[in-house]
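Peer 1: Please read through the structure below; I'll follow up with questions.
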Amino acid sequence: MVGRRRRTAEARPSSAPSDPVPPSDLVSLSDLVSPSDPGIELAGIRRGFGDTLAVADVDLRVEPGSRLGIVGPSGCGKSTLLSIVCGLDEPDAGRISVLGATTAPGRLAHCAWMPQQDLLLPWRSVLANARIPLENQGRGREEASREVWPLLERFGLADFAGHRPAALSGGMRQRVSFLRTLAAGKPVLLLDEPFGALDAITRADLQDWLRSTLVGEPRTVLLVTHDVEEALLLCDRVAVMSARPGRIVSTFDVPTFDSGPTVGGPAVGAGNGRTAGSVRRARLADPRFIALRDAVLASLERAREPEAPEAPDQDAPRFRGGVATPESVR
Ligand code: ADP
């Protein structure tokens with residue numbers, strides 16, 4: 001009981017919520033994308049590892065504040081591209097610029113990465129995990145806790161702030177992971193298969209939640225996924241990569257489809273009778289959405305053809321109706 005009391009005390013910063021953090025001190029959600037922001041540009045990017053050419057001749061542009069989804073078969077170089085964007089890797093050839101930064105440290109300074117596995121520290125509470133980026137930036141624990149508290153409240157995690165990750169569901173852990181990514185306060189979010197490890201129902205919930213959250217976030221987002229529907233639900237534009245060596249073979253603009261007040265509002269209980277789930281169902285049933293999904297899938301199928309000619313490819317991902325099957329997520 002003593003331990004429990006201590007965790008609860010740690011969970012809620014002394015200044016929250018009766019002494020809210022001044023808006024100017026909150027993790028900024030409004031000035032991370034400026035009109036003069038050049039966005040992300042890749043031109044002629046090529047990267048190999050020994051005899052393996054991972055990506056070749058990749059040209060991409062991500063407009064500031066927009067969300068680009070990248071879909072492609074396993075091993076086509078999606079994660080390699082993200083590593084290059086965020087400065088953890090360098091291309092062998094080509095040019096890359098992230099908000100004008102071309103050096104690896106400069107690119108890294110602009111990016112926050114959310115991996116497929118939540119990578120939460122098991123010995124730390126939710127709050128202590130969430131504040132890691134701020135501690136890494138030199139903030140003290142108290143200050144960092146105060147800063148992330150509004151995000152915990154906004155993401156429905158405040159009541160779990162004192163819990164260890166092991167006590168959370170997979171979906172909640174991914175919400176903490178995304179919160180931690182946002183808390184870094186970086187203008188570019190790199191989401192690498194963020195829901196690939198979740199079951200289908202939790203993944204759908206999290207997609208709805210993330211869509212609502214991202215619409216209100218002025219961030220530039222690169223989302224890598226096997227799941228075509230996920231890319232179309234969450235992004236403004238979707239790029240299809242070929243099998244290795246990965247090239248961008250086509251891009252698709254994603255129209256808004258619906259512009260009801262629920263979109264961009266709270267995930268559930270928007271007050272207009274439309275929940276995020278009903279918006280999702282309407283979108284999935286929209287003939288234009290279905291046509292676009294089919295076009296992306298067809299492009300994906302064509303993109304795989306040169307790389308899967310001879311024998312049945314046991315490792316190749318299989319898509320059914322735009323949702324990645326478990327065997328396609330490796
Ligand atoms: P994806 O994310 O699309 O599944 P990756 O970018 O992880 O693909 O990998 C693309 C190819 O490059 C794969 O064949 C992979 O084995 C190879 N690769 C990626 N990183 C390395 C590395 N550090 N060393 C050697 N090979 C690598």
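The values are calculated or read from the model by the stated rules, or taken from the named source; none is laboratory data. Keep in mind that this is a model prediction, so the values were computed, not measured. Methodologically, a virtual Cβ is constructed for each residue, glycine included, from the backbone with ideal geometry; neighbour enumeration extends over all protein chains shown.
Peer 1: How many residues are touching a residue at least 24 places away in the same chain (Cβ under 8 Å) and either under 20 Å from THR251 (Cα atoms) or outside any helix (DSSP H, G or I) (or both) when one looks only at the stretch 91-117?
Peer 2: 17
Peer 1: Any idea which of LEU189, LEU206, LEU157 is buried (at least 20 other Cβ atoms within 10 Å of the Cβ), at pLDDT below 90 and under 12 Å from the mean Cα position of the chain (by Cα)?
Peer 2: LEU206
Peer 1: Here's a check for you: in the stretch 247-262, which residue that is at pLDDT below 75 and of a type in the set (Gly, Ala, Ser) is surrounded by the fewest Cβ atoms within 10 Å (Cβ to Cβ)?
Peer 2: Once the filter is applied, the top-ranked residue is SER259.
Peer 1: Which residues, counting only those in the stretch 242-253, are within 16 Å of the ligand (Cβ to nearest atom) and free of Cβ contacts under 8 Å to residues at least 60 places away in the same chain?
Peer 2: Quick first cut of the stretch 242-253, residues within 16 Å of the ligand (Cβ to nearest atom) only: 242-249.
Once the filter is applied, which keeps residues that are within 16 Å of the ligand (Cβ to nearest atom) and free of Cβ contacts under 8 Å to residues at least 60 places away in the same chain, the stretch 242-253 yields only VAL249.
Peer 1: Say whether the condition of being within 12 Å of the ligand (Cβ to nearest atom), part of a helix (DSSP H, G or I), within 18 Å of the chain's Cα centre (by Cα) and within 25 Å of GLY196 (Cα to Cα) is met by at least one residue in the stretch 125-135.
Peer 2: no
Peer 1: Moving on to the next point. Please work out which residue is farthest from the chain's Cα centre (by Cα), limiting yourself to the stretch 38-72 and to residues that are in contact (Cβ under 8 Å) with a residue 12 or more places away in the chain and within 7 Å of the ligand (Cβ to nearest atom).
Peer 2: Only one residue tops the list, namely THR52.
Peer 1: Please list, ordered by first then second residue, the pairs with beta carbon atoms under 6 Å, 6 or more apart or interchain, first in the stretch 227-241 and in contact (Cβ under 8 Å) with a residue 24 or more places away in the chain, second of a type in the set (Phe, Trp, Tyr).
Peer 2: VAL238/PHE252
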